[in-house]
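Written below as structure tokens is the structure these notes are about.
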Amino acid sequence: QVQLVESGGGLVQAGGSLRLSCAASGSIFNINAMGWYRRAPGKQRELVATITSGRRTNYSDSVKGRFTISRDNAKNTVYLQMNSLKPENTAVYYCNAATIVHTYWGQGTQVTVPS
């Protein structure tokens with residue numbers, strides 16, 4: 001089992017920045033990749049960014065150049081630095097951890113960027 005706890009969400013004005021954190025605990029040695037997904041109001045959950053244990057990253061086209069995913073293996077934590085935020089980035093952001101046999105999700109953290 002892997003437990004994920006997100007933090008760092010909030011309300012920020014357009015053009016501002018936020019950093020999300022996701023702390024993993026439990027059977028973390030089984031984790032291959034971690035990532036961030038989001039669900040905007042009225043939409044399906046979508047990929048934001050992922051990072052492998054070897055720190056290979058992948059981003060959705062909509063956030064490339066503005067968001068940066070990173071991980072601190074010593075702290076078992078993955079981060080999402082979000083810059084130049086836009087109203088369309090308003091969503092609940094979920095942390096994700098993937099093992100060979102299972103995918104785990106955090107409870108989500110709300111990010112709101114008023115228009």
_Neighbourhood charge, 15 Å Cβ-Cβ cut-off, centred on SER62 and excluding it, Lys, Arg +1 and Asp, Glu -1_ = +4
*Protection proxy ranking of 5-12, 80-87 - average other beta-carbon atoms within 10 Å, highest first*: 80-87, 5-12
*asked:* Let me check I've understood the local charge: for GLY108, count other residues with C-beta under 11 angstrom from its C-beta, Lys and Arg +1, Asp and Glu -1. What total comes out?
replied: +2
*Relative contact order computed over the stretch 8-97 (Cα-Cα under 8 Å; 6+ residues apart), in percent*: 39
*Run the dipole for the chain about the Cα centre, Lys and Arg Cβ at +1, Asp and Glu Cβ at -1, nothing else charged, and hand back the magnitude in debye, nearest 20.*
140
*asked:* Can you classify the stretch 26-72 as rounded, prolate or oblate using the Cα gyration tensor, where a ≥ b ≥ c are the square roots of its eigenvalues, rounded means a/c under 1.5, and otherwise it's prolate if a/b beats b/c and oblate if not?
replied: oblate
*asked:* With a cut-off of 8 Å between alpha carbons and a minimum separation of six or more residues, what is the relative contact order of the stretch 45-115 in percent?
replied: 21
*Let me know the shape class of the stretch 1-52, please: from the alpha-carbon gyration tensor, a ≥ b ≥ c as square roots of the eigenvalues, rounded when a/c is under 1.5, otherwise prolate if a/b is greater than b/c, or oblate.*
prolate
*Could you give the nm distance between label points at THR103 and ARG56, where each point is 7 Å from its Cα heading toward the beta carbon?*
1.8
*Bin all alpha-carbon pair distances of the chain at 10 Å intervals from 0 and give each bin's fraction as a whole percent.*
15, 50, 29, 6, 0
_From the phi angles alone, apply the Karplus equation (6.51, -1.76, 1.60; θ = phi - 60°) to the stretch 51-65 and give each ³J(HN,Hα) in whole Hz, x where the residue is Gly or Pro._
9, 8, 5, x, 6, 7, 10, 8, 10, 6, 4, 6, 10, 4, x
*Between SER17 and THR112, what length comes free when the chain is fully extended (0.36 nm per residue of separation minus the Cα-Cα distance, one decimal in nm)?*
33.1 nm
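What net charge do the residues around GLY10 carry, taking every other residue with its C-beta under 15 Å from that of GLY10, with Lys and Arg at +1 and Asp and Glu at -1? Display every interim value, and only then the final one.
Values: positive: ARG19, ARG38; negative: GLU6.
Cβ neighbours under 15 Å give a net charge of +1.
We did not get these values from a lab; they are worked out from the coordinates using the rules stated. Quick caveat, the model's predicted, so the values are computed rather than measured. Neighbour counts are summed over all protein chains in view; Cβ atoms, including those assigned to glycine, are modelled from backbone coordinates with ideal geometry.
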